[in-house]
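J.: What follows is a single structure, and I will ask about it in a moment.
What follows draws every value from the coordinates through simple rules; no lab data is involved. If you're wondering where the values come from, they're calculated on a predicted model, not measured in any experiment. Ideal geometry is used to build each Cβ from the backbone, glycine not excepted, and the neighbour counts take in all protein chains shown.
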Amino acid sequence: MNFRFFSLLTLFVFAFQISPVWAQTAAADVDYAAVKKEIAVFEGIIDTTIKQLVEGSFPLLSSTKGTFLADYGVLFSLEANLFQIRQISPFSPQPHSQKELDEAYALMIKRLALVKGAVIRAIGEYGASLQQLKPDQNLIVAMHLFNVDSQMKQPVPSQVIFKVRRSVINQYRENRLPLAEFTKQMEIVQF
């Protein structure tokens, strides 16, 4: 038991001494002040893209937030409200009709397709502005979709994730990839 304790203590002390060296090496390659500015600009681009495309109240429930992950890339996260339906209230207490639900679902699917296309184009056109991102690192946009009415019977996605390497963005920006090929090389997961 005593040997085990000292082994764990030695391992902890060794890891504690090594971790600052690793952190300094990773941090030395990155201009964090520049990263912060670049992230703020791209956050604004994604927010503006969604707000201009989706009509109705509260298209964004949370503004886009970016996080730089050393040796991986930049992750942007947001919550969008693509599902618009009459709100049940004391002035309109009746439940949603099947027609209302079907129309709201069809509109949401249409909006989702529009938003996906716009986000892909925004990543292609403005992703290169993240100059601290190395060619082998990723740009990820994770879009959470606001929970829709619990009465919905159709499958409704809760997230759409876009992931692409900086090198692919560069190829698109240099006109070496058309939009269709750029989209194919981007990993898009919807669930």
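J.: So if R0 is 22 Å, what FRET efficiency would ASP31 and ARG173 give, r being the distance between their Cβ atoms, rounded to the nearest 0.05?
T.: 0.55
J.: Step through the residues of the stretch 103-112 one at a time and calculate ³J(HN,Hα) from phi using the Karplus curve (6.51 cos²θ - 1.76 cosθ + 1.60, θ = phi - 60°), rounding each to whole Hz and writing x for Gly and Pro.
T.: My calculation for the stretch 103-112 gives 5, 5, 5, 4, 5, 5, 5, 5, 4, 4 Hz in order.
J.: Can you give the local net charge around GLN131? Use residues other than it whose beta-carbon is closer than 11 angstrom to its beta-carbon, Lys and Arg +1, Asp and Glu -1.
T.: +1
J.: Which entries in LYS51/LYS153; LYS51/LYS116; LYS37/LYS184; LYS37/LYS134; LYS51/LYS184; LYS36/LYS116 show an alpha-carbon gap greater than 23 Å?
T.: LYS51/LYS153; LYS37/LYS184; LYS51/LYS184; LYS36/LYS116
J.: Okay, next question. Can you give me the C-alpha center-to-center distance between the stretch 37-105 and the stretch 121-179, rounded to a whole angstrom?
T.: Centre-to-centre (Cα) distance: 15 Å.
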